[in-house]
1. Can you compute the label reach from residue 126? Point 7 Å from Cα along the Cβ direction, backbone N cut-off under 15 Å, restricted to region 169-212.
2. Can you pull the one-decimal nm distance between simple spin-label points at residue 144 and residue 50, each 7 Å off the Cα toward Cβ?
3. Calculate how many DSSP beta bridges within region 43-203 are antiparallel, expressed in % of all such bridges and rounded to the nearest 5.
4. For residue 110 and residue 37, FRET efficiency with R0 = 25 Å and r from the beta-carbon atoms, rounded to 0.05?
5. Report the extension gain between residue 133 and residue 206 in nm, rounded to one decimal, defined as 0.36 nm multiplied by the number of residues separating them, less their alpha carbon distance.
6. Please report the Cα spread of the chain along all three principal axes, rounded to whole Å, starting with the longest.
7. Can you give the helix-only mean residue ellipticity at 222 nm for the chain, where every DSSP H stretch with n ≥ 4 adds -39500 (n - 2.57) and the sum goes over all residues, rounded to the nearest 500 deg cm²/dmol?
8. Based on the Kirkwood radius over alpha-carbon pairs, what is the Stokes-Einstein translational diffusion coefficient of region 129-212 at 37 °C with 0.692 mPa s viscosity, in µm²/s?
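The numbers here are math on the coordinates, done by the rules we state, and not lab data. This is a predicted model, so every value here is computed, not measured. Cβ coordinates were reconstructed from backbone atoms using ideal geometry, including for glycine residues, and neighbour counts include every protein chain displayed.
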C-alpha cells in the first residue's frame, strides 16, 4: 500500500554530506511497499479533494484533466525511515500548491490526509503539504512512473521520510485536526522529519501527534 515501506535494502559505505543523520546512501531506487501493486484503470481513476474545503464541496479530476494542469520539476532526495537515502531524483508533476489554489481549504484546516489505493493514508501538517518542493508526481527522471513506484500519481514530500509520500494517490482530505495515517498508527513518527531523526512514535514530543 501507498508510500515506501520503512525497510528498503541496499547500502554503500559512502554518503553525500546532505544525507541526514543516521541514514546511509544507497544507489538506485529500491522498490518497497506494503501490499500489492494496483492496476491502473484510466476510465475509473480520479483524484478527489474533499473534507474541510473552503466551499464545503469536493473537487475531482479525471486522469486526463489532472495531467493537463501546469507542471513543475523538483530534484530532491528520498529518505526511508529505517536508514536508506537515495539522491538526485528528478520528479515531474503538479505542485501541491496548484491543487490548493484550485480547491482551497477552509481557514481552520491544519493538516491533510493523503489517501492512496487500498485505503492507505499518510497524514501531513498543512505546512508540509504546501512546502515548495511538495508535488504530485507523474514522472521520475524523465519517464512516466512505473507501476511499482506509484504510477499514475505519487505524492512526493521530499523533506520528510518516504512513508509520507504515498504511491498510487487517489485523494487529499483537508483536516481541521490531526489524525494518524497507516504507518503513523503502527509505530512510526507522526511528523517524520529525517533531519531530526523522527522515526518512531515513541520519540514524539508533546504536540507532535494525536494520542495512539
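1. So the set is 173-179.
2. Output for this residue pair reads 2.7 nm.
3. Values: 34 of 38 bridges.
Restricted to region 43-203, the bridges split so that about 90 percent are antiparallel.
4. Working: r = 33 Å, r/R0 = 1.30.
Here the calculated transfer efficiency is 0.15.
5. Details: separation 73, 0.36 × 73 = 26.28 nm, distance 2.72 nm.
That works out to 23.6 nm of additional length.
6. Here the Cα extents, ordered largest to smallest, are 50, 42, 30 Å.
7. Working: 3 runs with 16 residues, N = 212.
That comes out to -1500 deg cm²/dmol.
8. On the way: Rh = 13.9 Å.
Result for D is 236 µm²/s.
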